[in-house]
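Structure first, then comments.
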Ligand code: SAM
Ligand code: SF4
């Protein structure tokens, strides 16, 4: 989600007149899109801003933070960053900067978005320092930040055209926020309530991407399969949206894979699975977070489904879309999780045979309901549980991957591999592989390969040929 948000931030920042640099040391505007899901990522934000603030007496530097921020961190960030805003306020970023004394070159250039560097040109403009200082003076002291809180308008944010980071893979946000309030989770407090993006906009963005050759597009949301439910029947449902996309794939004759993440087991209807099985462009890979394999823990997490409900969905996927790979998320060491409850998660993993599991140690999030409960599973036990589940996972992935050897598969070539003379690629089920080739023209294209070897998390393959299936 942050990767996708950053593509819109980049568009706005460049439209203001800044030019991108890969060198943090020379930037005049530095920002972070924070993630509050676990404490570790927030700790990184604190260490970064500490470093950036130490550079401030050497050069003109403005810092900002946005993304998912919990109220307690917001209070602290206010003292450390110059600007703090919600993602939905992004379209007002230029105003925020101009209040900070940064002139907006785009306003001189009018419609023509020709970008100029912010440092020399901007700081050399007469009045820059004066404005900069006067704004600081108005705030009372040099450290106090300016806060700009326009109306909450996520729609304006979605209207910002992203500066895509790739030429073949893209993310389309279809929804923002979450109404589920799982007891461990920061999202409802950082991103607010669920808002679905109009389906017309989603389809337009998708068609535009596919038309210019994008091959892998992921529909994004915290609860993608509750899409439309906030609109009281005035918007289509998630399976209807998938069906529309599937029909477009069929009629257009274009070759692409559509993914979505994350769906919630509670809203995973049979219809969603049925639709995936019916259309070639709907990729046969499903990410369905389990979180725990113990019913008592699931209730305490407020997941509102049982392990039996989850198992039923997985069985239906295996029956209806047998070729689909299944990914999941698991939290180990949730408040009060006993050895026996953890064992239930381990046996669920053994039974359900996931292709990938993002396993996280429970991290209490201030403000979320579980933060009031004792975080009583010792760190060493959390680590041991994580390793135990990883071992369980790799047993299945190795077994699954080994069965792919000797098969011919269609893959999407994603870039140069770390191994010299090799390219890396992804199967439709998102299993990583590499094959010998230095033909960089293949990057971003579909190819056919023969699987020759397998490890727990990757495949080795031989290149067969480029795939051209699209109508011309
Ligand atoms: N909406 C998705 C769902 O309902 O499963 C998940 C979105 S959540 C932002 C991404 C993942 O982060 C979760 O599936 C969970 O495994 C993990 N996560 C969330 N809160 C956590 C916490 N407090 N400690 C550890 N992991 C957490
Ligand atoms: Fe967080 Fe639960 Fe919402 Fe997922 S469904 S974003 S875990 S509150």
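A short reminder: the numbers here are calculations on the coordinates, not readings from a lab. This one's a predicted model, so the numbers in the text were calculated from it and none came from an experiment. Cβ: placed from backbone, ideal geometry, glycine included. Neighbour counts: every protein chain shown.
The alpha carbons of region 230-289 occupy a box of 32, 28, 17 Å along the principal axes, longest dimension given first.
With Rh defined as the Kirkwood radius, the inverse of the mean 1/r over Cα pairs, the Rg/Rh of region 272-372 is 1.02.
The distance from the alpha carbon centre of region 340-414 to that of region 3-22 is 35 Å, rounded to a whole number.
Roughly what % of DSSP beta bridges within the chain run antiparallel, to the nearest 5?
Numbers: 24 of 59 bridges.
Beta bridges within the chain, antiparallel portion: roughly 40 percent.
Listed by Cβ neighbour count within 10 Å, with the fewest neighbours leading, 327, 256 appear as 327, 256.
The long axis of helix 307-320 is offset from the longest Cα principal axis of the chain by roughly 70 degrees. For the chain, the longest principal axis of the C-alpha atoms and the axis of helix 238-252 are separated by about 80°.
Would you kindly give the portion of the calculated P(r) for region 9-52 that falls above 15 Å, as a percent of all Cα pairs? Kindly include the intermediate steps, with their values, before the conclusion.
On the way: 499 of 946 pairs.
When all Cα pairs of region 9-52 are counted, 53 percent exceed 15 Å.
Reported to two decimal places, what Rg/Rh ratio describes region 284-440 when computed on Cα atoms with Rh from the Kirkwood expression? Spell out each step's value before the answer.
Details: Rg = 18.2 Å, Rh = 17.4 Å.
Result: Rg/Rh = 1.05.
Taking the alpha carbon gyration tensor of region 213-353, multiplying each eigenvalue by 5 and rooting it gives semi-axes of 30, 17, 12 Å, largest first. Seen from a random direction on average, the alpha-carbon convex hull of region 33-77 projects onto 3.1 square nanometres. The Rg/Rh ratio of region 351-472, with Rg taken over Cα atoms and Rh as the Kirkwood radius over Cα pairs, comes to 1.15. Between 0 and 90 degrees, the angle of helix 379-402 with respect to the longest Cα principal axis of the chain falls at about 50 degrees. Here, region 297-338 has an Rg and a Dmax of 12.9, 37 Å when only alpha carbons are counted. Once C-alpha pairs closer than 8 Å and six or more residues apart are averaged by separation and normalised to the residue number of the chain, the relative contact order reads 11 percent. Above 16 Å, the calculated P(r) of region 169-287 contains 59 percent of its Cα-Cα pairs.
By the count of neighbouring beta-carbon atoms within 10 Å, fewest first, 62, 251 end up ordered 251, 62.
Which whole number of Å³ per residue matches the convex hull of the alpha-carbon atoms in the chain? Mind dumping the intermediate values first?
Values: hull volume 79.3 nm³, N = 472.
Enclosed volume per residue, from the Cα hull, is 168 Å³.
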